[in-house]
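The values are calculated or read from the model by the stated rules, or taken from the named source; none is laboratory data. Worth saying up front: this structure is predicted, and the values here are computed from it rather than measured. Here Cβ is always computed from backbone atoms with ideal geometry, including for glycine, and neighbour counts include all displayed protein chains. These area figures cover heavy atoms from the full protein model, side chains too; ligands, DNA and RNA do not enter into them. Shrake-Rupley method; radii C 1.70, N 1.55, O 1.52, S 1.80 Å.
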Amino acid sequence: MNNWIYIGAIFLLSSRLSAQGIKDSHGALIRSDTLSPFIYLCFTGHDFHEGFEHVMEVLEKHHIEASFFLTGDFVRNHEGLTKRISEKGHFIGAHSDKHLLYCDWTNRDSLLHPSEQIKADIEINLRALARLKIYPTYFMPPYEWYNNQVVEIAQGLNQQTINFSPGTRSNADYTTPDMSNYVSSKEILESIYTYERNQGMAGFHLLIHPGTSPLRTDKLYAYLDRLLVYLKDKGYQFRRFN
């Protein structure tokens, strides 16, 4: 009997450990603990920032700490905002310095820049954050597009590459009506609700862009409060990266 208890305990422990995180084929963390009811809200920032104040207000209203991945350009251009995000208890991670597209859209294994340039691009971003006494160990690549080489370069800088969890269309909230791949906020929200109903979102990395082109007037972040109420009603809590 004791042996069965021991075997059961080992099984539960191994199951628990295996659920701590899911990495994709390139080595990026795309989902955290799938056994805990936590969702990780992720926001990125580069050239647009019009929605950051609204996002900050909604997060404060719900007492949620989230994760922001900001480029070096964003940090230098919005130093006060970056400091305030950090002071509010949110995680801030690197997102490249100049928001370069690191690898080809159709031939993902092909780097578009020398590896040393990619390394320097991440390093400069990290230095911009370090000047504000922010020292992250999580990195979300620009355009959320990368390959094994990019992940290895980031790892050499003590950065774990992270990305959104696939399954919803939230990452398409940057699209504009003139694009063939345009997705409305209504469609995005429905994709989130459908995914949650069918598969659950424990450990999910949910990406939203708090700044998008003025050509997109249908801003997904404007629905953040409604989305958080829905997910809270489903029993989810929210956690930031550390």
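List of remarks:
- Gained length - residue 50 relative to residue 23, 0.36 nm times residue gap less alpha-carbon distance: 6.5 nm
- Net length gained if the chain between residue 145 and residue 98 were fully extended (0.36 nm per residue, minus Cα distance): 15.5 nm
- In this simple spin-label approximation, residue 230 and residue 155 carry label points 7 Å from Cα along the Cα→Cβ vector, and these lie 3.7 nm apart.
- Shape category assigned to segment 156-221 from the gyration tensor of Cα positions, a/c cut at 1.5: oblate
- The accessible surface of segment 41-105, taken with every protein chain in place and a 1.4 Å probe, is 48 percent carbon and sulfur.
- Pairs of Lys residues in the chain are counted when their Cα atoms are under 16 angstrom apart and they lie 8 or more places apart or on different chains; the count is 6.
- Largest first, the residues 86, 184, 67 sort by 1.4 Å accessible area into 86, 184, 67.
- Proximity of backbone amide H atoms, modeled 1.01 Å from N, is registered between residue 93 and 68, 69, 70 at under 5 Å, excluding neighbours fewer than 5 places apart on the same chain.
- Simple spin-label estimate for residue 62 and residue 110 gives 4.1 nm between the two label positions (7 Å along the Cα-to-Cβ direction from each Cα).
- Segment 186-232 and segment 72-144 have Cα centres spaced 23 Å apart.
- Solvent-accessible surface (1.4 angstrom probe) belonging to residue 60, in square angstrom, nearest 10: 110 Å²
- Rounded to 5, the percent of DSSP beta bridges in segment 25-148 classed as antiparallel: 10 percent
- Global form of segment 120-191, assessed from the alpha-carbon gyration tensor, a/c cut-off 1.5: prolate
- Of all DSSP bridge pairs formed entirely within the chain, close to 20 percent run antiparallel.
- Total formal charge among the other residues, if their Cβ is under 13 angstrom from that of residue 79, Lys/Arg +1 and Asp/Glu -1: +3
- For residue 69, the shell of other residues with beta-carbons less than 12 Å away shows a net charge of 0, using +1 for Lys and Arg and -1 for Asp and Glu.
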